[in-house]
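The values are calculated or read from the model by the stated rules, or taken from the named source; none is laboratory data. Computed from a predicted model, the values in this text were never measured in an experiment. Positions of Cβ are generated from backbone atoms using ideal geometry, with glycine treated the same way; all protein chains shown enter the neighbour counts.
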Amino acid sequence: MKRELWLMALMLCASFAAFALTPRQHLADVKPRIDLEQQIPAEFGDWRIDRTIVPILPSPDVQQRLDALYSQVLARTYVNSRGDRVMLSIAYGSDQGSEATAVHRPEFCYASQGFAVAAAGEGELDLGGLRLPVRRIVGTQQSRVEPITYWVTLDEQATLPGLQRKLIQIREGLRGRIPDGMLVRVSSIDANSQAAYALQERFVAEMLGSVPEGVRARYFGRGPG
């Protein structure tokens, strides 16, 4: 009888611990609201939206998956006075507490569209005091060569997919919090990858200063920039 009572007590304790450790506070509900369309300006620095580029809409089945995963998605092409073009894509999710809802990696998205994807390494963008961790890849499809730079944020921390992001999710979960987050991707069509990455870094630096200060860390992580 005592053995059964001990087992019951252990089960009750485990159930209570699981309930107590289940995250319940969505940070998106207590932080300033994210509005990609409003918070990313149509013009900043030497860049403006290229209205001549008509975005290609995803198929209905892909759109359905996007709607299930993300709260908001922004896709634009910007052009500067020299005619350089940079494509910007941001996917924001209000629930980034698990891998099931975590933003998807561009490596897989590009591969699913028929691109050959090659890793080009990880690094940091020096944005005037804010050092932003980024991953670089190159997508190739026939004659199209597209160097890509991307990063991920969870709440106000910039990170990359993998162990570091998972540790942040676990830490926030132990605090009872469900972080929001986004994946920010910039790319350009250029067979010269180094020139493309330099252009993208200049683009990101100018975009940084244009985002409202109250939500800037949600896009780029914490830092004085």
Could we say that GLU99 is touching a helix residue (DSSP H, G or I) at 6+ places or on another chain (Cβ under 9 Å) and either at pLDDT below 70 or over 17 Å from TYR219 (Cα atoms) (or both) here?
-> yes
Is it the case that some residue within region 51-63 is closer than 20 Å to THR149 by Cα, of a type outside the set (Phe, Trp, Tyr) and at pLDDT 90 or above?
-> no
Of those in region 127-157 that are charged (D, E, K, R) and without any contact (Cβ under 8 Å) to a residue 60 or more places away in the chain, the residue nearest to ASN192 (Cα to Cα) is GLU146
Scanning region 140-172 residue by residue, those crowded, with 18+ Cβ neighbours inside 10 Å, within 21 Å of GLY121 (Cβ to Cβ) and modelled with pLDDT under 75 turn out to be ARG165
Is it the case that region 111-122 has a residue that's among the charged types (D, E, K, R), out of contact with any Leu (no Cβ under 7 Å at 6 or more places or on another chain) and either modelled with pLDDT under 85 or surrounded by fewer than 18 Cβ atoms within 10 Å (Cβ to Cβ) (or both)?
-> no
Restricting attention to region 173-197, and to residues there that are of a type in the set (Gly, Ala, Ser) and assigned to a loop (DSSP other than H, G, I, E, B), which single residue is modelled with the lowest pLDDT?
-> GLY176
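Here is a yes/no grid of residues against (1) in contact with a strand residue (DSSP E or B) (Cβ under 7 Å, 6 or more places away or on another chain); (2) of a type in the set (S, T, N, Q):
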| position | (1), (2) |
| --- | --- |
| MET182 | yes, no |
| ASP190 | yes, no |
| GLN194 | no, yes |
| LEU199 | yes, no |
| ALA205 | no, no |
| VAL215 | no, no |
